[in-house]
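First the structure, in the form of structure tokens, and then the observations on it.
What follows draws every value from the coordinates through simple rules; no lab data is involved. Remember, predicted model here, so these are calculated numbers, not experimental data. For neighbour counting, all protein chains shown are included, and Cβ atoms are generated from backbone atoms with ideal geometry for every residue, glycine included.
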Amino acid sequence: MPAALADFLIFELDGAGTCAFERADVFWGLTLIATLNDSSLSKGLVAGFFGLILSQIGMSTTGIMRTTIANPHLLDGIPVVPAMIGIFAASELLRLRGSTYLVQDKAQRDISIPRILKGVVETFRYPGVLIRGSLIGAVIGAIPGVGSSVANLVSYGEAKRTSKTPQAFGKGAPEGVTAAESANSSSEGGSMTALLALGIRGGAATAVLLAAFSFHNIIGGPSFIRNQSDIVYSIILGNLGQVVLLAVIGLLMLRLLGMVVRVPLSYLVPSVLAMCAWGGYGITGTIAGPLTVAAFSALGWLMRRSDYPVAATVIGLLLGRMMEGELVRTLQISGGHPMNYLLERPIALTLLS
């Protein structure tokens, strides 16, 4: 819902909100990775820096080969989606070894409509987290090329940093779930602002819409907003409608989907691991996909054991290539004086603060 309101705002401002993000703003937005570990700032920075290093594997924008070890599968860099599957999903399954069920308490495994509705009501016990997560998702989603993969991680990390009970995060804390999912839901609507105002994809979903726009010879931008306002309003109202439809379908499907907690882990873990490997292969079409899933599952397991935030590494991996380009452009625009240029950029200063 906040994302749709953001779309309306961008429409009225003729895309000025999205255009306000400049090179330095995107680059310094990476400093958010330091907030993803409440116990140690240094661990958050180390994990994020490690992700940046991993993102530099492959061919640079100038055609230089970097740390590919003569492996043709690494020419395009590390496959990001298989890496995320491994470091988030597969590594979590490794952590669950030795357990019998996802939820050990038998009473908690009983799924009923009253309990589902109670969970819905639980969300509204954290209005501040809900609103902040939605706004974070809408703003980050509006940054071209970033999307929901970063928005939910940043929102979760911010909620954990400001929570009175950060130790409950990572164990199914409703506050953390609310923060991540509110940002995830609003980010796709926020990314629509980049598509409508600039004709640039904000995330994976808007990349599909961008292809559809091209098919109909529609190019986003201020002139598109001014001259074809009927299409713009239809898209925004459609976004509002899908929010309502998603809530209805979600409530109807929750009982069925919730039955996964009744499946013993002896069946669930190998099944999901096989799906992770198959998903990695489906994305890359080569053995590099499953191997990436396996390597990053081990990496994620080791990082969790040592209390390093895997989310910071993922953000570094996702935005590393973009950061490299934006750093070079920032240095070029600033004439070799990046600090003076930074002090003139209010959005970048806000991100740093």
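Data overview
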| read-out | value |
| --- | --- |
| Phi to ³J(HN,Hα) by Karplus 6.51 cos²θ - 1.76 cosθ + 1.60 over region 152-169, Hz, x for Gly, Pro | 5, 5, 5, 5, 4, x, 5, 5, 5, 5, 9, 6, 7, 10, x, 5, 7, 6 |
| Using a Förster distance of 25 Å, the FRET efficiency for Ile287-Met65 (Cβ separation, nearest 0.05) | 0.75 |
| Listed peptides 299-308, 153-162, 66-75 by packing density, highest first (mean Cβ within 10 Å) | 153-162, 299-308, 66-75 |
| Net lengthening on full extension, Val260/Arg97 (0.36 nm per residue, minus Cα-Cα) | 57.0 nm |
| Gain upon complete extension [Val244, Lys118; 0.36 nm per residue less C-alpha separation] | 43.5 nm |
| Per-peptide average of other Cβ atoms within 10 Å, ordering 77-88, 225-236, 276-287, 48-59 highest first | 77-88, 48-59, 276-287, 225-236 |
| Ranked by how many other beta carbons lie within 10 Å on average, peptides 89-101, 243-255 from highest | 89-101, 243-255 |
| Under the Karplus curve 6.51 cos²θ - 1.76 cosθ + 1.60, θ = phi - 60°, whole-Hz ³J(HN,Hα) for region 79-85, x wherever Gly or Pro sits | x, 5, 5, x, 5, 5, 4 |
